[in-house]
1. Using 0.36 nm per residue, how much length does the chain from Arg172 to Leu6 gain when fully extended, once their Cα-Cα distance is taken away?
2. Amide H neighbours of Ala163 under 5 Å, counting only residues 5+ apart in sequence or on other chains, H built in-plane at 1.01 Å?
3. Which net charge results when you count Lys and Arg as +1 and Asp and Glu as -1 among the other residues whose beta-carbon is under 12 Å from that of Val9?
4. Would you mind getting me the FRET efficiency between Arg37 and Ala249? Use the beta-carbon distance for r and R0 = 35 Å, nearest 0.05.
5. Ordered by packing density, taken as the mean number of other Cβ atoms within 10 Å over each peptide's residues, highest first, how do 218-228, 11-21 rank?
6. Using a probe of 1.4 angstrom, how much of the accessible area of the stretch 179-255 is carbon and sulfur, in percent?
7. If you take every residue apart from Thr28 with its C-beta less than 13 Å away from the C-beta of Thr28, what net charge results, scoring Lys and Arg +1 and Asp and Glu -1?
8. Counting only Cα atoms, I'd like the Rg/Rh figure for the chain, Kirkwood definition for Rh.
Amino acid sequence: MSWLDLRRVEARLATRWLGRVLLYCTVTTSTQDLARREAEAGAPHGMAVLDDEQTAGRGRLGRTWHSPPGQNIYLTLILRPEAPVGPKVAMLVPLAVAQAVEELFPLRVGIKWPNDVWIGQRKLAGMLVESEIRGTETLYSLVGIGLNVNMDVEAVPELADIATSLRRELSREVPREEVLASLLNHLEALYEAPAEEVWRRWRERLITLGRAVVVRAGHQVTEGVAEDVDREGRLLLRCPDGALVAIEAGDVTLRP
Ligand code: BTN
């Protein structure tokens, strides 16, 4: 296990503002916690908070994010948008992961609605957004990204069937620095791209569309065919009775 070589990251970084201020820790509870402290203390828009290990990494829907030391990317971006960016951020993050991975490696990457990054039938990366809102104003958003780079997923029984890593897909170790720099480059470019273009490219990569799915949102379970997504990022589900339902958030299971 070795720590990230930040000079190797910087040498590949083409961003103007994203990740130019970067905090790297060996271990935290969660980069979301550390980033929140930094944001409360006035951290600038675009600051990146990274660590090597999380003792309480968290995922969407109250889940745990497996965060062993020295293997993966655990990153939180502090964003202070001047105007509301709407659903664009949730679309551009998985898209940036997909573009970065495909730029570096001969792999095909898909997105499972809303923002899981998949290779084949397994999850490679996920994202979590936590925002601090006062009234109608977003003070800051903490955009957390977990990307499995060199994790031996097969050694973790609860992940072996559902998760993957770049190492698993390529059968070799991958330099995390290259992945991180490429990810930050794509994130900044997409953040500045028109929302319509981000939506279109995100939609093109959705492996969910056209599939029979089950969507769980809280206690509600809805079955149907994932017909399309709208520009707000909602999943348009055709139910067995013919109704078209727009779903804002939830956990999708693809049916065979
Ligand atoms: C998910 O798919 O459930 C979202 C996973 C998000 C994990 C990342 S790792 C960096 C940041 N810190 C956390 O505790 N969670 C996010």
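1. Between Arg172 and Leu6, full extension yields an extra 57.6 nm.
2. Here the answer is Lys123, since their amide H atoms fall under 5 Å of that of Ala163.
3. Values: positive: Arg7, Arg8, Arg12, Arg20, Arg176; negative: Asp5, Glu10, Glu177, Glu178.
It works out to a net charge of +1.
4. Efficiency, rounded to the nearest 0.05: 0.85.
5. Numbers: 218-228: 13.6, 11-21: 15.7.
Per-residue Cβ counts within 10 Å, averaged per peptide and sorted highest first, yield 11-21, 218-228.
6. On the way: 1860 of 3830 Å².
Of the solvent-accessible surface of the stretch 179-255, carbon and sulfur hold 49 percent.
7. Net local charge, Thr28 excluded: -2.
8. My calculation puts Rg/Rh at 0.95.
The values are calculated or read from the model by the stated rules, or taken from the named source; none is laboratory data. Being a predicted model, the structure only gives us computed values, none of them experimental. In this analysis, Cβ positions are derived from the backbone assuming ideal geometry, glycine residues included, and neighbour counts consider all displayed protein chains. The protein model used for the area step is the full one, side chains on, heavy atoms only, and it has no ligands, DNA or RNA in it. Shrake-Rupley method; radii C 1.70, N 1.55, O 1.52, S 1.80 Å.
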